[in-house]
Amino acid sequence: MSEPVKFHFDVEGDNFSSAGEASVNVKKLLRQLSMDPETIRRVSIAMYEGEINMVIHANGGTADVLLYPDRIRIILADTGPGIADVALAMQEGFSTAKDNVRALGFGAGMGLPNMKRYTDRMEIESEVGKGTTVTMDVFLPGKNA
Amino acid sequence: MTAKELREALALQVLSEPDPDRTVTGGYAGDLLSWVMGRAQSGDAWVTIMTNRNILAVAALADTACVIVAEDSVVEADVTALAVEKGLNLYRSSLTGFDLCCRIGSLLGV
């Protein structure tokens, strides 16, 4: 596989005003690269959900977007509290978000399920007390192996 | 129908209308942002009572045609300014979300 084009973003923790900036920037970049609209939509939604998760739960983290010839890979990494039960966290409606977060319209327990729904492959590596890394792939149209 | 035509037909208050010719193809109602993000379709008129600035990120990423704030829910000036900056149509109405959806459905023939 050839060397991918990379974009790196730092995601600030507990800052709901700037939450989503990295995803909106990625959307713009992909548009400039004339990617197809549905691929852009899937990548930016999955990335936004991950970004919000890092803002809510992990005091921020990093987001890397890698453009391969056949796919777009998103890697979200944080050094937050980790996810104790990944299978439980993947269930729609399950959330550990606090009331102040819910008041903003987040914490519906749809973040991780949406990330899975909008990507072709998702892997979660998480260790309690150490942090979480989520890797997602969205294949480009006609390139889904 | 375009966002502007929808706005005129429903007598919506314009908070931001940088993209009046955007085609409205459907509608979606909801206030839980992740839920909306996962379910709203590109081109939808999104009806909500949420007014924090995160609705703009959701509208931009889900690619909705416009956001309609129901029941005259208060929208802060910085949110309106950000909608203009991001090129997002943002309207407001005194109607309830239910009434807005009924009328949008009737206008779109769904």
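Of the helices (runs of 4 or more DSSP H) lying entirely inside the range A:24-115, those containing at least 1 residues that are surrounded by 23 or more Cβ atoms within 10 Å (Cβ to Cβ) and either in contact with a helix residue (DSSP H, G or I) (Cβ under 6 Å, 6 or more places away or on another chain) or more than 14 Å from every other protein chain (Cβ to nearest Cβ) (or both) span A:37-57. Look at (1) part of a loop (DSSP other than H, G, I, E, B); (2) within 14 Å of chain A (Cβ to nearest Cβ); (3) more than 19 Å from A:Ser44 (Cβ to Cβ) and you find that B:Asp78 fails only one, number (1).
Name the residues in the range B:62-75 that are in a loop (DSSP other than H, G, I, E, B) and at pLDDT 95 or above, would you?
At the first step, the residues of the range B:62-75 found to be in a loop (DSSP other than H, G, I, E, B) are B:63-65, B:70-75.
Passing the criteria: B:Thr64, B:Ala65, B:Ala70, B:Glu71, B:Asp72, B:Ser73, B:Val74, B:Val75.
Checking each residue in the range B:10-31 for being of a type in the set (A, V, I, L, M, F, W, C) and not in a strand (DSSP E or B) picks out B:Leu10, B:Ala11, B:Leu12, B:Val24. Can you confirm whether the range B:52-75 contains a residue that is more than 11 Å from chain A (Cβ to nearest Cβ), in contact (Cβ under 8 Å) with a residue 60 or more places away in the chain and surrounded by fewer than 23 Cβ atoms within 10 Å (Cβ to Cβ)? Checked against the condition, which is being more than 11 Å from chain A (Cβ to nearest Cβ), in contact (Cβ under 8 Å) with a residue 60 or more places away in the chain and surrounded by fewer than 23 Cβ atoms within 10 Å (Cβ to Cβ), the range B:52-75 yields at least one hit.
The values are calculated or read from the model by the stated rules, or taken from the named source; none is laboratory data. In this text the structure is predicted, and so the values were computed from the model without any measurement. Here Cβ is always computed from backbone atoms with ideal geometry, including for glycine, and neighbour counts include all displayed protein chains.
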